[in-house]
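Shown next, in structure tokens, is the structure this report addresses.
The values are calculated or read from the model by the stated rules, or taken from the named source; none is laboratory data. Just so it is clear, the structure is predicted and the values come from calculations on it, not from any experiment. Counting neighbours? That spans all protein chains shown, and the Cβs are built from the backbone with ideal geometry, glycine included. Heavy atoms of the whole protein, side chains included, go into the accessibility calculation; ligands, DNA and RNA do not. Shrake-Rupley method; radii C 1.70, N 1.55, O 1.52, S 1.80 Å.
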Amino acid sequence: MKKSLLILMFFFITIIGHSQVFTDNFIEYVIQNNTSADLVLISDYDIAGGPVVNIPSTVTNGGVTYIVTGILTGAFAQKQLTSVTIPNSITEIGASAFGWNQLTTVVIPNSVTTLYAGAFTNNQLTNVTISENLTTIGNNSFENNQLTSVTIPPSVNIILEDAFKSNQLTSLTIPDTVTSVGTSAFESNQLTSLTISNSLTTIGNSVFKNNPLTSVVIPNSVTSIGDNAFRDNLLTSVTFPNGL
């Protein structure tokens, strides 16, 4: 994962190093060169703009109107944000893009297809709406928040490690489209109700560790259960799949 993140950061730095940068309403934009349309990515935000951010879908500079299509690594990280509106022109949200703020709610529009590691880590989220076109929920995407419930859309097929670790989730349904759940993805929540995808084949290490689950039904699709997957729960009833 670290290698992939370094490659991603290098890619973003390369974009910035070879592109025109401009600022409008406290948001810094990078013009995407060699495209068939006028597109920009958000690279930074000046905290002087305040804790409430409404990201525009278009921005004009030098007489050219650009479509805002992505948010780069760390663009809004540690900016003391309490509210953000993401337009439906955004397709990618970079690593730690909104990390370490005070966001309590966020709507990720259906235009977003890629959510990188730690995108909303370490906030105060109690409510999140996830894009219905997202296929992968990145590492640590919502770690260390206050989510009590979440709806994982049927577009998702992979949930990576620590994605929802250290929240307050009390119930969870993993849809049948999900085939893989990473290490500690739902560790340290308040789960008392759990429905597991009928397409899931492997439950990784510590996925549901440190929850108050009292019972669980593991579907027949599961062929492998990792170490400590249900450690530190209150289980009195476990239904195992055939063959385990």
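Here are the numbers for the structure shown:
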{"read-out": "Full-extension gain in nm, T113 to S57, via 0.36 nm per residue minus C-alpha separation", "value": "18.5 nm"}
{"read-out": "Solvent-accessible area, 1.4 Å probe, carbon plus sulfur percent, for the chain", "value": "49 percent"}
{"read-out": "Dipole of the range 74-215, positive end: most advanced residue of G138, G182, T82 [Cβ charges, Cα centre]", "value": "T82"}
{"read-out": "Dipole magnitude of the range 91-243 about its Cα centre (Cβ charges: Lys, Arg +1; Asp, Glu -1), debye to nearest 20", "value": "180 debye"}
{"read-out": "The chain - share of DSSP beta bridges that are antiparallel (%, nearest 5)", "value": "30 percent"}
{"read-out": "Alpha-carbon spread of the chain, three principal axes, descending order, Å", "value": "66, 33, 27"}
{"read-out": "Net charge contributed by nearby residues that have their C-beta within less than 12 Å of V59 (K/R +1, D/E -1)", "value": "-3"}
{"read-out": "Spherically averaged projected area of the range 157-244 from its Cα convex hull (nm²)", "value": "4.5 nm²"}
{"read-out": "Cα-based helix-to-principal-axis angle, 2-17 vs the chain, degrees rounded to 10", "value": "10 degrees"}
